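Everything on this sheet refers to the single structure shown next.
The values are calculated or read from the model by the stated rules, or taken from the named source; none is laboratory data. Remember, predicted model here, so these are calculated numbers, not experimental data. Every residue, glycine among them, receives a Cβ derived from its backbone with ideal geometry; neighbour counts consider all protein chains shown.
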Amino acid sequence: MMTERGITPSQTVGPFFAYCLTPEAYGTRGIASSEVATADAAGTRIRIEGRVIDGAGEAVPDAMIEIWQADGEGRYPDHAANAAFRGFGRAETDAHGRFAFTTVKPGPVPGADGSAHAPHIAVSVFARGLLNRLATRLYFEDEPANETDPVLARVPAERRATLLARRTAPDAYAFDIRLQGEGETVFFEI
Amino acid sequence: MSQPPAGVERRAYPRESLAAHPPNDAPAYASTRLRAPRKPLVILPHTLTELTGPVYGHESVAPGENDLTTRHDGAPLGERIVVTGRVLDEDGRPVPHTLIEIWQANSAGRYVHANDRHDAPLDPNFTGAGRVVTDASGAYTFTTIKPGAYPWRNHHNAWRPAHIHFSLFGPSFLTRLVTQMYFPGDPLLALDPIYQAIPDAAARVRLVSDFEIETTKPEWALGYRFDIVLRGRAATPMEDPHDD
Ligand SMILES: [Fe+2]
């Protein structure tokens, strides 16, 4: 097996991951939850709610969403456990395809050349039927910095809106993920 | 605005290694048909967001979570096995102190999951979920029960080969991997559209563990070796540090 150089290929998470990866309904705690930041974390506390939808417009009730983000000052945590701000969250979709996270709004993140990238959250989607983790990004529709963000600039203009979370309340954003079909979310090769 | 945290290296992760993965669109695996994206992926340059990632150390895992056979009052039914290996990057460097989560069916091929409708018995002494953190050399060990094959409705008379689901983080958002470990000599591998979705035969066999007599424990458990190779950084720094 190890005579071959090369990475281990991906396989689907399948339909039965919940009792290990998102096990709250099974009475045990996973390594992560949908709470990315506790009430003690500095920054603007927000809630992110969304749905995962398939190519027929139906809810995807067995997906897992993971998010990774910087804190309110644009800093990534160097440790995810036992902190007010973990930077990492994990949620399963419910029977209606819905997921939700509580976190703080990330600040602008530094690029390699010192420029600032618009506030964003890295999103991974795992589900039965997905042989690979799908990677996308959540941006905030009310951020002027989106105009100059170098990653958004790479996305065809007519598809950019799929990456913009809509502000639905002073402290809430909506971000739906369409796996396929009309309004298909932009997914990235990372 | 803050600077990149100390220790965030700026060496590139090569993209060529992604060729090992299956395509998203694999029609023989029926669940891909309404779920696989149809539009081309947009190439994302690796920024600080991708070069960092969550770190879960030993405090995330309780002692004994790598032994799936001792989580209940009694011993589970089935063939006791030890699964051990190392987590490496593609240049052969160990990936130390990284979290591995596993889940699997019991010896009868039944998952604890509430939606598993397979008419096979649950085992009150087996849940089938485990966690471990690799040691300084990237090594890990689980003790568990060999999972049974189970039927699924992908096509007529479809059965998944026996497998253990693995989830790993590695050092960055880019190295995140969810995969499945299979067992050597399983006749169902040739018929499995999930395993066969991997186009490169050399990549595919990396998912098949090796039986190892040295890992096998006398009078106790059969041993299997499963090394896992995550994406790695090129040996030299990125040529253009502004390319993000
Ligand atoms: Fe499975």
### Task
Only one of these is of a type outside the set (K, R) and outside any loop (DSSP other than H, G, I, E, B): B:L122, B:L188. Name it.
B:L188
### One residue from A:D54, A:D78, A:D94 being more than 16 Å from the ligand (Cβ to nearest atom) and closer than 22 Å to B:V61 by Cβ
A:D78
### Task
Determine if region A:82-101 includes at least one residue that is surrounded by fewer than 22 Cβ atoms within 10 Å (Cβ to Cβ), free of Cβ contacts under 8 Å to residues at least 24 places away in the same chain and either part of a helix (DSSP H, G or I) or within 10 Å of chain B (Cβ to nearest Cβ) (or both).
yes
### Message
Being within 12 Å of chain A (Cβ to nearest Cβ) and not small (G, A, S) is the filter here; which residues of region B:123-134 pass it?
### Response
B:F126, B:T127, B:R131, B:V132, B:V133
### Task
Could you tell me whether region B:27-44 includes any residue that is touching a residue at least 12 places away in the same chain (Cβ under 8 Å), facing chain A (nearest Cβ under 8 Å), within 20 Å of the chain's Cα centre (by Cα) and over 30 Å from A:G183 (Cβ atoms)?
no
### Message
Just the residues that are in a loop (DSSP other than H, G, I, E, B) and under 13 Å from B:L48 (Cβ atoms), please, taken from region A:102-117.
### Response
A:P106, A:G107, A:P108, A:G111, A:A112, A:D113, A:G114, A:S115
### Message
Pairs needed: first member in region B:183-211, touching a residue at least 60 places away in the same chain (Cβ under 8 Å); second member anywhere, of a type in the set (K, R) and assigned to a helix (DSSP H, G or I); C-beta distance under 6 Å; at least 6 residues apart or different chains.
### Response
B:I198/B:R204
### Task
State the number of residues belonging to region B:62-91 that are at pLDDT 95 or above, of a type outside the set (S, T, N, Q) and touching a strand residue (DSSP E or B) at 6+ places or on another chain (Cβ under 7 Å).
15
### Message
List pairs: first residue in region B:138-163 and closer than 17 Å to B:G78 by Cβ, second residue of a type in the set (V, I, T) and within 12 Å of the ligand (Cβ to nearest atom) anywhere in the structure, Cβ distance under 6 angstrom, at least six positions apart or on different chains.
### Response
none
### Task
Quick one: in region B:171-202, of everything that is within 27 Å of B:P54 (Cβ to Cβ) and aliphatic (A, V, I, L, M), which residue is nearest to the chain's Cα centre (by Cα)?
B:V178
